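Down below is the structure, laid out as structure tokens.
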């Protein structure tokens, strides 16, 4: 893509953002919307600049917790899904409990997590892991079940062992689904980390908590913006790994040539 | 035919209920029902609100309920807040005023395990362990400033005493009239230190409303505050009826703890022993001190004029 | 093209003996109805019938991918053990492996050393004329090339029974004709038993020495006849009188769509 097309492709999504920010700035500055409801974008930006060191440190803490939680949920979720895919009985017995991880409201079990794991990062990582594990289980399970039947026939024809089927066929075939689940999970891991930080302390969660107490809505917005950015960074990393792994062969990665 | 009749009845009663809601006065608490709010419930139970043509509905709150914003936004007419919240909101442009203060002496404190052997707040801050305190709150910042070089680890305060009961190295903020009593009933007696003794003593548990609303509804506000005052005088005399109501609303506290709390908090409410008609009234001097303290803690960038912050009724 | 036979054994096929084979599926009902026939080693047999006549099911039974509900199905090799190759309707290649690695797959599954497997694969790719494309990936191949890879893969274990399930149906006519001829040449060189499922009469007559015609479900044998044509099948044959006659003869037996109930 040459320079001109690059710019013209960036313009459409930028336009609503610029308009929205201008609108917010005008309505808050003029006093039409009180500043304790919505901060003027200029104040949020000033907050980002003034507190950049504190926000950067907090962001790094939250990111590392979210990443650790994601790694944890990825390994346990994938192993769990592989185990469930092997036996129909096992799947029917245990899958409903996996759904529990999806539906349990993390904000209400976070205090329990503190009692089990103590204050600080262990609780935050646990919270991130709990919130992000279900999409991984669901997608991996789906992917393992989506192997082309003819290929399963082929492997059966040559008396492939269950292990050969799993490693040489089912898991590689499931990779697109696995990455899809990982994408969703990475955004959730950031959310889970911040909720965990409300109760466990540290990171962007505590910045939001403290800013809320002091009615510094501009700081709250600044922290929220950064956490959205963290989510985007994680998803971007997943996309990168996905492109590198699947690039040579999967249709979702190949551009029209 | 019956279906149509039923539908019309439902429609009419909905309209009636909605109409009734429009004249109801919402009174939003910032925590669950406790002796801290006993006088309000007494006023409601005694029917005094109704006698003065006030249809008051008290709603409980919890951790993080943004009562000040709800009042500033006219979502509720009256609410409960901390005095420092009033100052900070005024500095941010939300025009709310304080009308009645339940506590003359602020019962905010730090509770610790007696086994730790702490003799003062300084000991608490300069020893290892964890201290749960609302991060960014004025009393937290005040104490951190007073004890720089603190060794204790600060953790978020989430309400309740669950961790206090299980962790012997855990200390937390509290209302000295409330949580330590519950802890003792649950088998873990606590020692508490009053933050007011360290020099930070804003009014506690104040009734707030929008200034514009008060200006336009002087009689209603006066009637409401006088009823509230009567309710508190009665609650100080006989807390049982209100306690019986509140115990049904708040599972975290039992009847015996409420009785104890109601007793313990008397001195905080009466303060230096003002006459009954003066219950809940506030002074410019106290508000001025608070403004200066919050300014020094860099929580506000401008100093609101003290007499804009409250009105006595 | 390399049409030399396998170096490790002389031409050898497998015999297939079906006695009273029946198979029913939930939902579709009885698909194969007491089929009985015998195939001698080295025969090229076409299984002809309309869609849904159960010919694919019969092929899967022969491949060992399914079990019959009733009857006996015995496969005996002339020499050594029974070894099957299967060419599916879709090329069914593994997308993340190139042509060479797709071909080596059956040997990898059987525990062969990679170097030996690759050497064998190169032989088979030479046989199907795909040597220059060994490094390409399936998404870079045409339909015909994918199918040829599939054939090479099926041949790599030196099967004495080669099973094909309408492999050329999705290809354009020129490719189809070319691959039919190549298949015939491969069979002529290697001598395994071939069971070829198709719904195309002209394809069956061109390829096979013997045609078994199945009726629509539940499948019974309508005709089991040898094809009276030269051993060598060339492009010129397609327009010859003898070929057209054979096609016509077979066509009279094969049920047309209106006759299917």
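None of the figures in this text is laboratory data; all of them are computed from the coordinates on show. Note that the structure is predicted; figures quoted are calculated from it, not measured. Cβ atoms come from the backbone with ideal geometry, glycine included; neighbour counts cover every protein chain shown.
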Review point. Label points 7 Å out from Cα along the Cβ direction at residue B:278 and residue A:83: separation in nm?
Key: 7.1
Check your understanding: Hey, could you pull the Cα Rg and Dmax for segment B:128-177, both in Å?
Key -> 10.9, 29
Point to revise | FRET efficiency estimate (nearest 0.05) - Cβ-Cβ, residue C:244 to residue A:163, R0 56 angstrom | key: 0.55
Point to revise | Protection proxy ranking, peptides B:205-212, A:104-111, average beta carbon neighbours within 10 Å, highest first | key: B:205-212, A:104-111
Check your understanding: According to the square roots a ≥ b ≥ c of the eigenvalues of the Cα gyration tensor, what is the shape class of segment C:154-220, taking rounded for a/c under 1.5, prolate for a/b larger than b/c otherwise, and oblate for the remainder?
Key -> oblate
Exercise for review: Round to the nearest 10 and give me the degree value, 0 to 90, for the angle of helix C:173-190's Cα axis relative to the longest principal axis of chain C.
Suggested key: 80
Review point. Roughly what would the spin-label model give for residue C:67 and residue A:92, points 7 Å off Cα along C-beta, in nm?
Key: 2.0
Study note, to complete from the structure: So the pair-distance distribution of chain B, from every Cα-Cα distance in 10 Å bins, comes to percents of 6, 25, 33, 23, 9, 3, 1, 0
Point to revise | In nm, spacing of pseudo-spin labels at residue B:217 and residue C:22 (7 Å Cα→C-beta vector) | key: 8.7
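Would you order C:202, B:120 from fewest to most other beta-carbon atoms within 10 Å of each residue's own beta-carbon?
On the way: C:202 17, B:120 12.
Fewest-to-most ranking of C:202, B:120: B:120, C:202.
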Review point. Could you give the Stokes-Einstein D for chain C in µm² per second, using the C-alpha Kirkwood radius, 10 °C, 1.306 mPa s?
Key: 84
Review point. Counting only the backbone N, which residues of segment C:182-198 are under 15 Å from the spot 7 Å out from the Cα of residue A:150 toward its beta-carbon?
Key: C:197-198
Exercise for review: Using R₀ = 60 Å, calculate the FRET efficiency as 1/(1 + (r/R₀)^6) where r is the Cβ-Cβ separation of residue C:178 and residue A:19; round to 0.05.
Suggested key: 0.45
Revision key, fill the gap. Rg (one decimal) and Dmax (whole number) from the Cα set of the protein assembly as shown, in Å, equal 40.9, 127
Practice item. Please identify which residues in segment C:45-79 have an amide N closer than 17 Å to a label point set 7 Å out from the Cα of residue C:226, following the Cα→Cβ vector. Key: C:45-46
Check your understanding: Taking every residue in B:149-158, how many Cβ atoms of other protein chains lie within 10 Å of its Cβ, on average?
Key -> 4
**Study point:** Averaged over A:213-220, number of beta-carbon atoms from partner chains that fall within 10 Å
**Key:** 6
Review point. Of B:2, C:118, B:51, how do they rank once you tally other Cβ atoms within 10 Å and put the fewest first?
Key: B:2, B:51, C:118
Review point. Restricting the count to DSSP beta bridges whose residues both fall in chain C, what percent are antiparallel, rounded to a multiple of 5?
Key: 50
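Determine the relative contact order of chain B: mean sequence separation of Cα pairs under 8 Å and six or more apart, normalised by residue count, in whole percent.
28
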Check your understanding: Under the definition of Cα pairs under 8 Å and six or more residues apart, what whole-number percent is the relative contact order of chain A?
Key -> 25
Practice item. With both partners inside segment B:108-198, how many of the DSSP beta bridges are antiparallel, as a percent to the nearest 5? Key: 55
Exercise for review: Using per-residue counts of other Cβ atoms within 10 Å, averaged over each peptide, order A:44-56, B:222-234 from highest down.
Suggested key: B:222-234, A:44-56
**Study point:** Per-residue mean of C-beta atoms belonging to partner chains within 10 Å, peptide C:91-100
**Key:** 4
Check your understanding: Where Rh denotes the Kirkwood radius from the mean inverse Cα pair distance, what is Rg over Rh for segment C:112-172?
Key -> 0.98
Review point. Calculated FRET efficiency, residue C:119 and residue A:224, Cβ-Cβ r, R0 60 Å, to nearest 0.05?
Key: 0.45
Revision key, fill the gap. quick note, chain B, DSSP beta bridge pairs, % antiparallel (nearest 5) is 60
Study note, to complete from the structure: Quick note, segment A:117-160: a/c under 1.5 would make it rounded; otherwise a/b > b/c is prolate and the rest oblate (a ≥ b ≥ c, C-alpha gyration tensor); here it is prolate
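Where does each of C:166, C:231, C:123 land when they are ranked from fewest to most other beta-carbon atoms within 10 angstrom?
Exposure proxy ranking, most exposed first: C:231, C:123, C:166.
Once you sort the root eigenvalues of the Cα gyration tensor of chain A as a ≥ b ≥ c, which label holds: rounded (a/c under 1.5), prolate (a/b larger than b/c) or oblate (the other case)?
The shape class here is oblate.
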Revision key, fill the gap. Here the averaged projected area of segment B:108-198, based on the convex hull of its alpha-carbon atoms and given in nm², is 5.1
**Study point:** chain A, helix-only ellipticity at 222 nm - DSSP H runs n ≥ 4, -39,500 (n - 2.57), divided by all residues, nearest 500
**Key:** -27500 deg cm²/dmol
Revision key, fill the gap. For A:90-97, B:277-284, A:78-85, ranked highest to lowest by mean beta-carbon neighbours within 10 Å, the order is A:78-85, B:277-284, A:90-97
**Study point:** Contour minus Cα-Cα distance for residue B:184 and residue B:11 (0.36 nm per residue)
**Key:** 57.1 nm
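Ignoring everything except DSSP H segments at least 4 long, calculate the 222 nm mean residue ellipticity for chain C; use -39,500 (n - 2.57) per segment, divide by total residues, nearest 500. Don't jump to the answer; show the numbers that get you there.
On the way: 7 runs with 85 residues, N = 261.
My calculation for chain C gives -10000 deg cm²/dmol from helical runs alone.
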